[in-house]
Amino acid sequence: MKITTSLYVLSLLLTVAGITGCASSQPKMTLDQVLSQYTQISMLNNDLKEARDNGSQYLAPESYSSAKQSLESAMNAAYNNEAEEAKEAAAAGLQTVARMKDVTASSRKILREVLQARERGMAAQVDSLQGEKLAELDSELKETAALVEEGDAETAKERRPELLEGYTRLELVALKQDTAEQAKSAIANAKRQGAKKYAPKTLAEAEGELALAVSILDADRTQKDKADVQANNAKWLANRSAAITETIKDFDRRDYTM
């Protein structure tokens, strides 16, 4: 009897082990398989893509982060063939997305002018010219939007002027860099060649045109085309002063005694 019982237990353990082995050896799903098999995960994935395009990572940071974590949990569960866990995580994420959309709309309304200033800065390539400072301002923007998300819209409104001034300042710096960079480089090159000694008047004209380009942007940052004209004039004059310098140097090097 004991032997029979022992054989039965052994047989049962082997059967369970076999089932477990089959389950654990089941191949993981690919991304395409997950998205096609789990409708809710696919919907959550698409909602988050749309949210990124809509700026929810800045305008509803807490909800966006929560929904993103739900998507990651759902994907991991699906990859490991844990269907129920995957569905639960995706459902939680979709609930968060609904709130995220509402918060994004509220933040966009409250921070409208700030966002417009940021967009102008991005158009001026502030992300490549002033990337570090832009990241700092974006962090402050997220903190401000988080206040809206937490129901403290009044404090968020109080922070608007500082954010607006910050993005506007970055835009102006980026515009100046973009407009004047080549002219500054040409003037610096002319000085290295000795234009200050050999072609001081032309070099001074170049510097004057560059200063005018910068002053135009200081007065009205929308006048970029006008500022570009002055910057191009500065570049041309700087190159001319370098050419004059080289001509004079070449003359001095030659022996014209005869």
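A few notes on this one:
- E149 open to solvent by less than 30 Å² (accessible area, probe 1.4 Å) and of a type in the set (D, E, K, R): yes
Conditions tested, residue by residue: (1) assigned to a helix (DSSP H, G or I); (2) touching a Leu at 6+ places or on another chain (Cβ under 7 Å); (3) among the aromatic types (F, W, Y); (4) modelled with pLDDT of 95 or more.
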| site | (1), (2), (3), (4) |
| --- | --- |
| L10 | yes, no, no, no |
| I19 | yes, no, no, no |
| V34 | yes, no, no, no |
| I41 | yes, yes, no, no |
| Y58 | yes, yes, yes, no |
| N76 | yes, no, no, no |
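- Residue among L170, L141 that is surrounded by 15 or more Cβ atoms within 10 Å (Cβ to Cβ), more than 29 Å from V97 (Cβ to Cβ) and either polar (S, T, N, Q) or touching a helix residue (DSSP H, G or I) at 6+ places or on another chain (Cβ under 6 Å) (or both): L170
- The stretch 169-227, residues that are part of a helix (DSSP H, G or I) and of a type in the set (S, T, N, Q): Q177, T179, Q182, S185, N189, Q193, T202, S215
- Index of the failed condition, N80 passing every other in (1) modelled with pLDDT of 95 or more; (2) open to solvent by less than 80 Å² (accessible area, probe 1.4 Å): (1)
- Counting the residues of the stretch 99-122 that are more than 22 Å from Q40 (Cα to Cα), open to solvent by less than 90 Å² (accessible area, probe 1.4 Å) and either touching a residue at least 24 places away in the same chain (Cβ under 8 Å) or among the aromatic types (F, W, Y) (or both) gives 11.
To keep it simple, each residue is scored yes or no on (1) closer than 22 Å to E50 by Cα; (2) free of Cβ contacts under 8 Å to residues at least 24 places away in the same chain; (3) in a helix (DSSP H, G or I); (4) touching a Ser or Thr at 6+ places or on another chain (Cβ under 7 Å).
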site: V97; (1), (2), (3), (4): yes, no, yes, no
site: L134; (1), (2), (3), (4): no, no, yes, no
site: A146; (1), (2), (3), (4): yes, no, yes, no
site: A156; (1), (2), (3), (4): no, no, yes, yes
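The values are calculated or read from the model by the stated rules, or taken from the named source; none is laboratory data. This is a predicted model, so every value here is computed, not measured. Here Cβ is always computed from backbone atoms with ideal geometry, including for glycine, and neighbour counts include all displayed protein chains. Side chains included, ligands, DNA and RNA excluded: accessible areas come from the protein's heavy atoms. Shrake-Rupley method; radii C 1.70, N 1.55, O 1.52, S 1.80 Å.
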